[in-house]
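Asker: Could you have a look at this structure, given as structure tokens, before my questions?
The values are calculated or read from the model by the stated rules, or taken from the named source; none is laboratory data. Note that this is a predicted model, so its numbers are computed, not measured. Here Cβ is always computed from backbone atoms with ideal geometry, including for glycine, and neighbour counts include all displayed protein chains. What goes into the accessible areas is simple: the full protein's heavy atoms, side chains included, and nothing from ligands, DNA or RNA. Shrake-Rupley method; radii C 1.70, N 1.55, O 1.52, S 1.80 Å.
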Amino acid sequence: MKPTISTIGRFVDQEVTIGAWIANKRSSGKIAFLQLRDGTGFIQGVVVKSAVDESTFEQAKSLPQESALYVTGTVQADDRAPSGYEITVTGLKVLHKAKDYPITPKEHGTEFLMDHRHLWIRQPRQHAILTIRHEVIRATYEFFHQEGFTKVDPPILTGSSPEGTTNLFHTQYFDEDAYLSQSGQLYMEAAALAFNRVFSFGPTFRAEKSKTRRHLIEFWMIEPEMAFVEHEENLQIQEQYVTYIAESVLRNCPQALAALERDTSKLENIQAPFPRITYTDAVAWLQEQGFDVTWGDDFGSPEETAIAEHYSKPVFITHYPKAIKPFYMEPDPENDEVVLCADLIAPEGYGEVIGGSQRIADESLLEANLEKEGLSSEAYAWYLDLRRYGSVPHSGFGLGLERTIAWLSGTEHVRETIPFPRLLNRLYP
RNA sequence: UCCACAGUAGCUCAGUGGUAGAGCCCUCGGCUGUUAACCGAGUUGUCGCAGGUUCGAAUCCUGCCUGUGGAGCCA
């Protein structure tokens, strides 16, 4: 492979040529420092006036920010460099001279940066976050492959709402109404009965007018579903999975974490098993803390955050009341008022990163729940079929990719964890 | 949908009733180890929009628009 900034350490004392952009530059009368980036990393090119011809030095001094060029020079190990290496430049070939690059070295506001998201992703901080995104995705495939899961892709265009509660994006499917998927779960249940252990990874859409640092209109979800797996084992797989991606990020993204100044002790803490609290105990604890909640209420964001702050690890809140959870969740055999479900709440206020449950295996119970929700059993006929032909206990969960990345990378807002976020009033670029 | 805050140069902001400002960016000059480099000079305005109060409004009032943070909803 030809040299890149990320592999430059293999070329110490050799002359290399790399394609790069000018991230920034500083110069004095007889020396110029080019902050170079090539998409794989950042390195400083040092241009010494006495060591190159006149035109090369003048060019180096006059290159505007984000100009593109081929840089030829000798790789030097240097303790003064953040990455440990520098390039002593011997020649430059300018490919494109940029003009008035909008993102200057000073501060910018959110709206301006979001309007220039196509350029913003070049900046070190954004580059680091998206590097961690890649690692989470890579580790996800690796984990589920190792654990014997098959990746199955549910459809994105659907004819009906799986849960009927959240707002869906409406579109046309020739002469029919169609909606963009808000979850592939029901299809993944079908897949689990065909492949045993399956996972999906794809975009999902919520037409909610949410305006918080935890919400995107379009976001990516990982939805595993497992046949012959009950509530307890479901939680264990979630713990192992989350532990695995945290360890992978720690091991494989040290530079990105350093660039983000992430407190890595917080990530080292993410080790299975995770603490658990039942909904009922959580309500009692919240009441002690002075929260105005009664049994049967769903928790709001402040309640979730308070519970999460009580632990140094992510925490499972289990056994929610049946009435505030979707129709497909299996009732607890020991208490018919609650279901075998769990939400995983991340520490540091990042909120719910996983929602999961054991699914109802009994056809008549599922049919009764559909009716209670006012959902037509015709639209769900195929879903009921799964309870007619070899129904088994099965469980699954959904992990929100962007919230997980925000948490692991220590990013305040999920909009920076996806290359081109879709937010309320934000469809450009 | 609701609550709070904000909108002044390309960008980030100061200016709270009396002549429109600074830094960055850009241009020119200086500087051999800079790290958001630094020093000097120069260019840059529909003060979000509409109406009102006032001798006089970027500044006070009303409405609207846009953005940011949060709530609800959820991952």
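Asker: Among the listed residues A:386, A:370, A:427, which satisfies the condition of being more than 9 Å from RNA strand B (Cβ to nearest atom), aliphatic (A, V, I, L, M) and outside the structural domain of residue A:224 (by TED's automatic domain parsing)?
Answerer: Only one candidate passes the filter, namely A:427.
Asker: Also, I was wondering about something else. State yes or no: is residue A:277 assigned to a helix (DSSP H, G or I) and either hydrophobic (A, V, I, L, M, F, W, C) or in the same structural domain as residue A:321 (by TED's automatic domain parsing) (or both)? Don't jump to the end; show me each part of the working.
Answerer: On the way: assigned to a helix (DSSP H, G or I): no; either hydrophobic (A, V, I, L, M, F, W, C) or in the same structural domain as residue A:321 (by TED's automatic domain parsing) (or both): yes.
For residue A:277, the condition - assigned to a helix (DSSP H, G or I) and either hydrophobic (A, V, I, L, M, F, W, C) or in the same structural domain as residue A:321 (by TED's automatic domain parsing) (or both) - is not met.
Asker: Okay, next question. How many of the residues making up the range A:205-220 are near RNA strand B (Cβ under 6 Å from one of its atoms) and assigned to a strand (DSSP E or B)?
Answerer: Residues that pass the stated criteria total 1.
Asker: If residue A:267 passes every condition in (1) in contact with a helix residue (DSSP H, G or I) (Cβ under 7 Å, 6 or more places away or on another chain); (2) under 22 Å from residue A:152 (Cα atoms); (3) not charged (D, E, K, R) but one, which one does it miss?
Answerer: Against the list (1) in contact with a helix residue (DSSP H, G or I) (Cβ under 7 Å, 6 or more places away or on another chain); (2) under 22 Å from residue A:152 (Cα atoms); (3) not charged (D, E, K, R), residue A:267 comes up short only on (2).
Asker: Any residue at all in the range A:177-193 that is free of Cβ contacts under 8 Å to residues at least 40 places away in the same chain, outside any loop (DSSP other than H, G, I, E, B), farther than 17 Å from residue A:380 by Cβ and assigned by TED's automatic domain parsing to the domain that holds residue A:325?
Answerer: Checked against the condition, which is being free of Cβ contacts under 8 Å to residues at least 40 places away in the same chain, outside any loop (DSSP other than H, G, I, E, B), farther than 17 Å from residue A:380 by Cβ and assigned by TED's automatic domain parsing to the domain that holds residue A:325, the range A:177-193 yields at least one hit.
Asker: Residue by residue through the range A:73-96, note down the ones that are within 9 Å of RNA strand B (Cβ to nearest atom) and either touching a Cys at 6+ places or on another chain (Cβ under 8 Å) or open to solvent by 30 Å² or more (accessible area, probe 1.4 Å) (or both).
Answerer: Narrowing the range A:73-96 to residues within 9 Å of RNA strand B (Cβ to nearest atom): A:76, A:78, A:80-82, A:86, A:88.
Within the range A:73-96, A:76, A:80, A:82, A:88 qualify.
Asker: Tell me which residues, restricted to the range A:287-311, are assigned to a loop (DSSP other than H, G, I, E, B), surrounded by fewer than 17 Cβ atoms within 10 Å (Cβ to Cβ) and within 8 Å of RNA strand B (Cβ to nearest atom).
Answerer: Passing the criteria: A:298, A:300.
Asker: If I filter the range A:229-280 down to residues being open to solvent by 40 Å² or more (accessible area, probe 1.4 Å) and touching a His at 6+ places or on another chain (Cβ under 9 Å), which single residue comes out as modelled with the lowest pLDDT?
Answerer: From the range A:229-280, those open to solvent by 40 Å² or more (accessible area, probe 1.4 Å) are A:230, A:232-233, A:236, A:240, A:244, A:247, A:250-252, A:254-255, A:258-259, A:261, A:263-266, A:268-269, A:271-273, A:276, A:278, A:280; that's our starting set.
Okay, now just the ones that are also touching a His at 6+ places or on another chain (Cβ under 9 Å), so A:230, A:259, A:278, A:280.
On the way: A:230: 97, A:259: 87, A:278: 95, A:280: 95.
Out of the qualifying residues, it is A:259.
Asker: Here's something else I'd like to know. For the range A:20-28, state whether one or more residues are open to solvent by 10 Å² or more (accessible area, probe 1.4 Å), within 16 Å of residue A:80 (Cα to Cα), assigned to a strand (DSSP E or B) and within 10 Å of RNA strand B (Cβ to nearest atom).
Answerer: Residues of the range A:20-28 that are open to solvent by 10 Å² or more (accessible area, probe 1.4 Å), as a first pass: A:21, A:23-28.
Now restrict to residues that are within 16 Å of residue A:80 (Cα to Cα): A:26.
Now narrow it down to the ones that are assigned to a strand (DSSP E or B): A:26.
With the extra rule that they be within 10 Å of RNA strand B (Cβ to nearest atom), the set shrinks to A:26.
Among the residues of the range A:20-28, at least one is open to solvent by 10 Å² or more (accessible area, probe 1.4 Å), within 16 Å of residue A:80 (Cα to Cα), assigned to a strand (DSSP E or B) and within 10 Å of RNA strand B (Cβ to nearest atom), which makes the answer yes.
Asker: Another one. Inside the range A:35-61, can you point out the residues that are within 9 Å of RNA strand B (Cβ to nearest atom), open to solvent by less than 60 Å² (accessible area, probe 1.4 Å) and more than 33 Å from the chain's Cα centre (by Cα)?
Answerer: Residues of the range A:35-61 that are within 9 Å of RNA strand B (Cβ to nearest atom), as a first pass: A:35, A:44, A:46, A:48-51, A:61.
Next, only the ones that are open to solvent by less than 60 Å² (accessible area, probe 1.4 Å) stay: A:35, A:44, A:46, A:48.
Within the range A:35-61, A:46, A:48 qualify.
Asker: Please return the ranges of helices (runs of 4 or more DSSP H) entirely within the range A:312-413 where 2 or more residues are exposed (fewer than 14 other Cβ atoms within 10 Å of the Cβ) and without any contact (Cβ under 8 Å) to a residue 12 or more places away in the chain. Don't jump to the end; show me each part of the working.
Answerer: On the way: elements: A:363-372, A:381-385, A:401-409.
Hits in the range A:312-413: A:363-372, A:381-385.
Asker: What tally of residues in the range A:160-178 results from selecting those that are at pLDDT below 80 and of a type outside the set (S, T, N, Q)?
Answerer: Here the count works out to 3.
Asker: I'd like the residue in the range A:122-154 that is hydroxyl-bearing (Ser, Thr, Tyr) and surrounded by fewer than 16 Cβ atoms within 10 Å (Cβ to Cβ) and, out of all such residues, is farthest from residue A:239 (Cα to Cα).
Answerer: Pass one, the range A:122-154, residues hydroxyl-bearing (Ser, Thr, Tyr): A:131, A:140-141, A:150.
Narrowing further to those that are surrounded by fewer than 16 Cβ atoms within 10 Å (Cβ to Cβ): A:141, A:150.
Numbers: A:141: 16, A:150: 19 Å.
Checked the range A:122-154; the qualifying residue farthest from residue A:239 (Cα to Cα) is A:150.
Asker: Looking at residue A:123 and the list (1) in the same structural domain as residue A:212 (by TED's automatic domain parsing); (2) in contact (Cβ under 8 Å) with a residue 24 or more places away in the chain, which single condition is not satisfied?
Answerer: With respect to (1) in the same structural domain as residue A:212 (by TED's automatic domain parsing); (2) in contact (Cβ under 8 Å) with a residue 24 or more places away in the chain, residue A:123 is out only on (2).
Asker: Also: Being open to solvent by 20 Å² or more (accessible area, probe 1.4 Å) and not assigned by TED's automatic domain parsing to the domain that holds residue A:21 is the requirement here; does residue A:102 meet it?
Answerer: On the way: open to solvent by 20 Å² or more (accessible area, probe 1.4 Å): yes; not assigned by TED's automatic domain parsing to the domain that holds residue A:21: yes.
Judged against the criteria, residue A:102 is a match.
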